[in-house]
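Q: Once you've had a glance at the structure underneath, I'll fire off some questions.
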Amino acid sequence: MSKQQPALISVPAAAELLGISRASAYRYADAGQLPGVKRFGRRVYVVRARLVEFLESDEQLVPEADAA
């Protein structure tokens, strides 16, 4: 990990790396599907290393099924 990159990134920054909307990233974080989510009070961050591992793996985010 580079010294120039922070260990924790914001959910909107993670969304940009994943190519999804900010709202979707927060939904995945709330559902426990976004890897490396850490909460500090009301603030939500993503562990950069966990996100990089996720991006390099074959894992995918799974959209929530409609309740109907």
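The values are calculated or read from the model by the stated rules, or taken from the named source; none is laboratory data. No experiment lies behind these values; they were computed from the predicted model shown. Note that each Cβ is placed from the backbone with ideal geometry, even for glycine, and that neighbours are counted across all protein chains shown.
Q: For Ala23, state whether it is among the aliphatic types (A, V, I, L, M), over 20 Å from Ser57 (Cα atoms) and at pLDDT 95 or above. Lay out the reasoning, then the answer.
A: On the way: among the aliphatic types (A, V, I, L, M): yes; over 20 Å from Ser57 (Cα atoms): yes; at pLDDT 95 or above: yes.
In short, yes.
Q: Assess whether Arg42 counts as being exposed (fewer than 14 other Cβ atoms within 10 Å of the Cβ) and of a type in the set (D, E, K, R). Quick ask: steps written out before the conclusion?
A: On the way: exposed (fewer than 14 other Cβ atoms within 10 Å of the Cβ): yes; of a type in the set (D, E, K, R): yes.
Spelling it out, Arg42 is indeed exposed (fewer than 14 other Cβ atoms within 10 Å of the Cβ) and of a type in the set (D, E, K, R).
Q: List pairs: first residue in the range 18-47 and within 17 Å of Leu8 (Cα to Cα) and of a type in the set (Ser, Thr, Tyr), second residue at pLDDT 95 or above and outside any strand (DSSP E or B) anywhere in the structure, Cβ distance under 6 angstrom, at least six positions apart or on different chains.
A: Listed by first residue and then by second, the contacts come to Tyr26/Val11.
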